[in-house]
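Here's the structure we're looking at; comments come further down.
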Amino acid sequence: RAKTAGRGCFSFYDAALDAEVRSRHALVRDLREAAERGTMALHYQPLYAIDGHTLVGYEALMRWMHPTRGPVPPSEFIPLAEETGLIGTLGAWALRRACRDAARWPGALSVAVNLSPAQFETGDLPATVAAALAAAGLPAQRLELEITESLLMRHPDHALATLRQLAEMGVRIAMDDFGTGYSSLAYLWRFPFDKVKIDRAFTHGLGQDPKVNLIVGAIVTLAHALKIRVNAEGVETAEQMAALQHHGCDELQGFMLGRPVPDTSLAHAAQVTDTAQVTDTVDASTAR
Ligand code: C2E
Ligand code: MG
Ligand code: MG
Ligand code: MG
């Protein structure tokens, strides 16, 4: 194709492609090193009950501070980790670290960990989860695993069997980014979900388009009829929060309530009512 554009164009195209391939190679090499050395980080974003005040847990979100490039967003390195198989190492590390951190949190705060479809392909996911819980001494009920519809589309039978195994261990299962994939409704009765997380595209559409309010209301009605709890992601305004309260959502998450922060700067100590367990109190506003 580029040959017809002349010699100069061809070598330019070639060089640009070459640079891209080499840059990608370098990034994969650095990601492998970070995965093996365990130099990634987990940040935690608070999950609040629908009142917007009662802290119920945190979602663990992976962070990569590259030594020369600076922070690389998950939207960039997670797909890379999935393509190269590094997600197995990274995912197991995230499970261990999240369980270990959560075991030190006060009360019954839960921790949610995102899983990639590739983590279901190795076949030992329940063993990896069980080992992470045991090493941390965290009750299974305090761990929530977030999966997406793409997992169920790729390997419905194997995914179903694995999810049932995990649910039997007492771990809770949430469907992330709900409403953005395909056939969401069929999966709701085939898989043992405890929670659906309404994608932030819907949250942002609230008050913008009356149809979005109708859809969110219908999701809540349907989920509740199936005894599934509803989280709304991406809450950024008081108007969105009021609409979600009106629709009867159970849980809120978003920059308005709290951004993802390192474990060391969590605000849970100030939020938990059982103050007997609280050793250091942190002003909740510092984490917002
Ligand atoms: P997700 O699981 O849907 O996580 C929520 C994302 O929404 C996070 O982005 C969070 O920072 C962002 N967010 C939270 N509140 C707001 C808000 O009010 N407004 C906006 N605009 N965004 C908000 P983040 O941390 O960049 O992660 C992006 C995605 O990367 C995650 O989406 C998840 O799918 C994936 N990811 C992150 N950590 C992990 C991990 O440990 N393992 C796997 N497999 N995937 C991960
Ligand atoms: Mg998530
Ligand atoms: Mg996710
Ligand atoms: Mg999501």
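Bear in mind these aren't lab numbers, they're just calculated from the coordinates by the rules spelled out. As the structure is a computational prediction, the values presented were derived from the model and not from experiment.
I want to check a number: in the chain, how many lysine pairs have alpha carbons closer than 27 Å, given a sequence separation of 8 or more or different chains?
Qualifying lysine pairs in the chain: 5.
Which value at 222 nm does the chain reach when only helices count, each DSSP H run of 4 or more adding -39,500 (n - 2.57), with the total divided by all residues and rounded to the nearest 500 deg cm²/dmol? Show your work: numbers first, answer last.
Details: 11 runs with 134 residues, N = 288.
When only DSSP H runs of four or more count, the value is -14500 deg cm²/dmol.
Of all alpha-carbon pairs in the stretch 113-226, indicate the percentage at a distance above 20 angstrom.
44
In terms of the Cα gyration tensor, with a ≥ b ≥ c the square roots of its eigenvalues, is the stretch 58-165 rounded because a/c is under 1.5, prolate because a/b exceeds b/c, or oblate? Mind showing how you got there, number by number?
Details: a/c = 1.88, a/b = 1.05, b/c = 1.79.
Oblate shape, in that a/c is at least 1.5 and b/c is the bigger or equal ratio.
Measure nothing but the geometry: give the 0 to 90° angle between the long axis through the Cα atoms of 7-37 and the longest principal axis through the Cα atoms of the chain, rounded to 10°.
So the inclination is approximately 40 degrees.
Can you tell me, using C-alpha contacts under 8 Å and at least 6 residues apart, the relative contact order of the chain as a whole percent? All intermediate terms of the calculation are to be shown ahead of the outcome.
Values: 453 pairs, mean separation 49.1, N = 288.
After rounding, I find 17 percent.
Could you give the length gained by full extension between Lys211 and Ala242, i.e. 0.36 nm per residue of separation minus their alpha carbon distance, to one decimal place?
9.5 nm
Quick check: the distance between the Cα centres of the stretch 52-78 and the stretch 109-129, to the nearest angstrom?
Answer, in whole Å: 17.
Given bins 10 angstrom wide, list per bin the percent of all Cα-Cα distances in the chain, short to long.
All Cα pairs considered, the percentages come to 6, 25, 32, 23, 9, 4, 1, 0.
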